[in-house]
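Values in this text are rule-based calculations from the coordinates and carry no lab data. From a predicted model like this one, the values you see are computed outputs, not experimental measurements. Backbone-built Cβ (ideal geometry, glycine too); neighbour counts: all protein chains shown.
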């Protein structure tokens, strides 16, 4: 009779592993269910000694994307709102085949910690950097206040909105990316196929190449002769740029430049202010003190200037300053944002006003992004058309010159 290796949770919630003899895999599943165990994995001949290659992390174990965080959080929020215990909810999420393999793997690790006696917030915190600090902090507040389901509902909405913004940004950049790819292909065809044909025609006719065609031919010939060192230089340059942009001085300089360029400064300012307001609103709404909320928020902001502003605001609050006054001193926040924050402080509804600031700026950011991408497409079309068209006209004029020489 075949033997099946299995991994299953017993009635006490502990993860067990072993083997069972049954006629088929379905019979093994039924046998485990009759014993009151919840199977996680059943494989004929025993479980694999190593994790299957398609479940391995290709790009490392970094932070989960907003889309994956929203999937996990929404699943867990739905189950907790139905009054399902935390450990059982984690088991259900872990068995969801629609979730990515890494999410299910992290869920199993969290479940193991919870079954071992740790709190859910401690189990989540142990999975950093997959889960950001804001996640574990809010879960801890939910456990302390008995509002864990509501906290997960807020977290799910927070990450769903963040994932939606990123998805819209990616969608908006698809058309410009397609235009650039088409331009590269067109240039490759002109320089790789059409240009050599024109050069050979002039050589056969014994005529001198026109200056533009001669320059293009010289560049192509040099690239063909020295393609290996040129490829090495290009690769090393790319690596050097990646290393440079990861260094603190270069990234700080890029942050400063992004806040000085006219159009880019507005885009960065609105997106960073919206993220700041949304994060602080979510944290303070669920019981996190404002100084702690500002410290945690600084870790999710991309701009170093806004990150420093959040940290400085937390220190100023400890000295008796107001949030609106501290943020206003940085010169990074708009007058509308500061007025709404000040109203929230005066009325005791800071989380409500911060959420309102985030709603306004997110809508404004998306509108601005739509306008910029709508403007970018025709500009790219004009530039690419001029470049490709200019090269094509140069080559075609050379072909006409060859024909004229032949007729003479």
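One chain, two ends: residue 118 and residue 220. Fully extended at 0.36 nm per residue, the span grows by 30.2 nm beyond their Cα-Cα distance. The modelled label-to-label distance for the pair residue 233/residue 185, using points 7 Å beyond Cα in the direction of Cβ, is 3.0 nm. Label point of residue 240 set 7 angstrom out along Cα-Cβ; within the range 250-270, amide nitrogens under 16 Å from it belong to 250.
Distance between the pseudo-spin-label points of residue 383 and residue 267 (7 Å out from Cα toward the beta carbon): 1.2 nm.
For the pair residue 177 and residue 21, a Förster radius of 51 Å applied to the C-beta separation gives a FRET efficiency near 0.35, rounded to the nearest 0.05.
Compared with the direct C-alpha span, the chain from residue 35 to residue 363 gains 112.7 nm at full extension, assuming 0.36 nm per residue.
Of the options (i) 69, 60, 38; (ii) 96, 75, 33; (iii) 73, 55, 38, only one is Cα extents along the principal axes in Å as computed from these coordinates, and that is (ii). Is the shape of the range 286-408 best called rounded, prolate or oblate, per the rule: a/c under 1.5 gives rounded, else a/b larger than b/c gives prolate, else oblate, with a ≥ b ≥ c the square roots of the Cα gyration tensor eigenvalues? Here the range 286-408 falls in the prolate category. For the listed peptides 89-97, 187-195, 104-112, 246-254, a ranking on the average number of other beta carbons within 10 Å per residue, highest first, reads 104-112, 89-97, 187-195, 246-254. Measure out, as a whole number of angstrom, how far apart the alpha-carbon centroids of the range 242-311 and the range 163-208 sit. Each part's Cα centre sits 37 Å from the other's.
Kindly identify the range 99-173 as rounded, prolate or oblate by the Cα gyration tensor criterion: order the square roots of the eigenvalues as a ≥ b ≥ c, call it rounded if a/c is under 1.5, otherwise compare a/b with b/c, prolate if a/b is larger, else oblate. It is oblate, given that a/c is not under 1.5 and a/b is not larger than b/c. Once the Cβ-Cβ distance of residue 254 and residue 208 is raised to the sixth power relative to R0 = 45 Å, the FRET efficiency obtained is 0.40.
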